[in-house]
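Worksheet: the structure to be examined is printed underneath.
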Amino acid sequence: MDNITVLNHPLIMHKISLLRDKNTSSKQFRELIEEIGMLMGFEALRDLPVEMREIETPISKTVQPVLAGKKLAIVPILRAGLGMVSGVQALVPAARVGHIGMYRDEETLEPHEYFCKLPPDVANRLIVVVDPMLATGGSAVDAINLLKARGCKNIKFMAIIAAPEGIRKVTEAHPDVHFYIGCQDEKLNENGYIIPGLGDAGDRIFGTK
Ligand code: PRP
Ligand code: URA
């Protein structure tokens, strides 16, 4: 599969291991999600275009690379994706933020959209969709469908933990989207939760269970 990068970076793996621990507090969990969002964003934005600009240092004039001003939008899938936004925003403070609300039906595991608010010029932006968990892949596939229906052509997707089932589904459904995954886990359990995973990311971020 050409359109997936599994990061397997020691710093990211270490932080994911802390996330998995059921004794990690909600505060620490949120901090870790933000930090991993930043580390993953660093990798996902590796191919941002640069242009050459003349700069005068205290020593001499020089021509050096600066970001070419590509417009970005960070799009979290609510709720859990919200936790990753500040990490990516720290790297690209000028990025706009769009929101897509999705929840999984607990019985059918089918995603349901309940909210969508995107920047008006979203079709012209590089989109970085963020969601800590890629389980069946249903939420990711539908969120990307929605963005494509709004004209988005340049889309990246970041998930901290993914199940093989979800990876297969999203990479096949959207071969033109690049997926950045922190860690690939074993499989899904009978309730659609990732094994070993970290439990329910949204509940752990917001302390709702
Ligand atoms: C979680 C997670 C993903 C989705 C992944 O959200 O944040 O959006 O499940 O599952 P899938 O790959 O099988 O679609 P959830 O629906 O629990 O909503 P929440 O973030 O509001 O808790
Ligand atoms: N959503 C989560 O938050 N965790 C899982 O393991 C699967 C879906």
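So here's what we get for this one:
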{"read-out": "Any hit, the stretch 99-119, residues being out of contact with any Gly (no Cβ under 6 Å at 6 or more places or on another chain), closer than 23 Å to G202 by Cα, polar (S, T, N, Q) and within 14 Å of ligand 2 (Cβ to nearest atom)", "value": "yes"}
{"read-out": "Those residues of the stretch 167-187 which are within 13 Å of ligand 1 (Cβ to nearest atom), outside any strand (DSSP E or B) and under 25 Å from E35 (Cα atoms), in sequence order", "value": "I167, V170, D185"}
{"read-out": "Odd one out for V63 among (1) part of a helix (DSSP H, G or I); (2) surrounded by fewer than 14 Cβ atoms within 10 Å (Cβ to Cβ)", "value": "(1)"}
{"read-out": "Residue satisfying all of: in the stretch 188-209; aliphatic (A, V, I, L, M) and either in contact (Cβ under 8 Å) with a residue 40 or more places away in the chain or open to solvent by less than 30 Å² (accessible area, probe 1.4 Å) (or both); nearest to ligand 1 (Cβ to nearest atom) among these", "value": "A201"}
{"read-out": "Residue within the stretch 38-51 that is in a strand (DSSP E or B) and over 18 Å from G207 (Cα atoms) present", "value": "yes"}
{"read-out": "Boolean, K153 is without any contact (Cβ under 8 Å) to a residue 24 or more places away in the chain, open to solvent by 60 Å² or more (accessible area, probe 1.4 Å) and assigned to a loop (DSSP other than H, G, I, E, B)", "value": "no"}
{"read-out": "Among residues of the stretch 69-97, those that are within 17 Å of R46 (Cβ to Cβ), open to solvent by 10 Å² or more (accessible area, probe 1.4 Å) and within 16 Å of ligand 1 (Cβ to nearest atom), counted", "value": "0"}
{"read-out": "Identity of the residue in the stretch 161-170, open to solvent by less than 10 Å² (accessible area, probe 1.4 Å) and farther than 20 Å from H9 by Cβ, that ends up nearest to ligand 2 (Cβ to nearest atom)", "value": "G166"}
{"read-out": "Members of the stretch 178-209 found to be more than 8 Å from ligand 2 (Cβ to nearest atom) and among the small types (G, A, S), listed by number", "value": "G182, G207"}
{"read-out": "Residue that is within 9 Å of ligand 1 (Cβ to nearest atom), surrounded by fewer than 18 Cβ atoms within 10 Å (Cβ to Cβ) and not basic (K, R), where the choices are D105, D121, D131", "value": "D105"}
{"read-out": "Scope the stretch 49-77; condition without any contact (Cβ under 8 Å) to a residue 60 or more places away in the chain and under 27 Å from H9 (Cβ atoms); matching residues", "value": "P49, V50, P65, V66, L67, A68, K70, L72, A73, I74, P76"}
{"read-out": "Tally, over the stretch 1-37, of residues that are open to solvent by less than 70 Å² (accessible area, probe 1.4 Å), hydrophobic (A, V, I, L, M, F, W, C) and part of a helix (DSSP H, G or I)", "value": "9"}
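The values are calculated or read from the model by the stated rules, or taken from the named source; none is laboratory data. Source: prediction; values computed, not measured. Cβ sites come from the backbone with ideal geometry, for glycine too, and all protein chains shown count toward neighbours. What goes into the accessible areas is simple: the full protein's heavy atoms, side chains included, and nothing from ligands, DNA or RNA. Shrake-Rupley method; radii C 1.70, N 1.55, O 1.52, S 1.80 Å.
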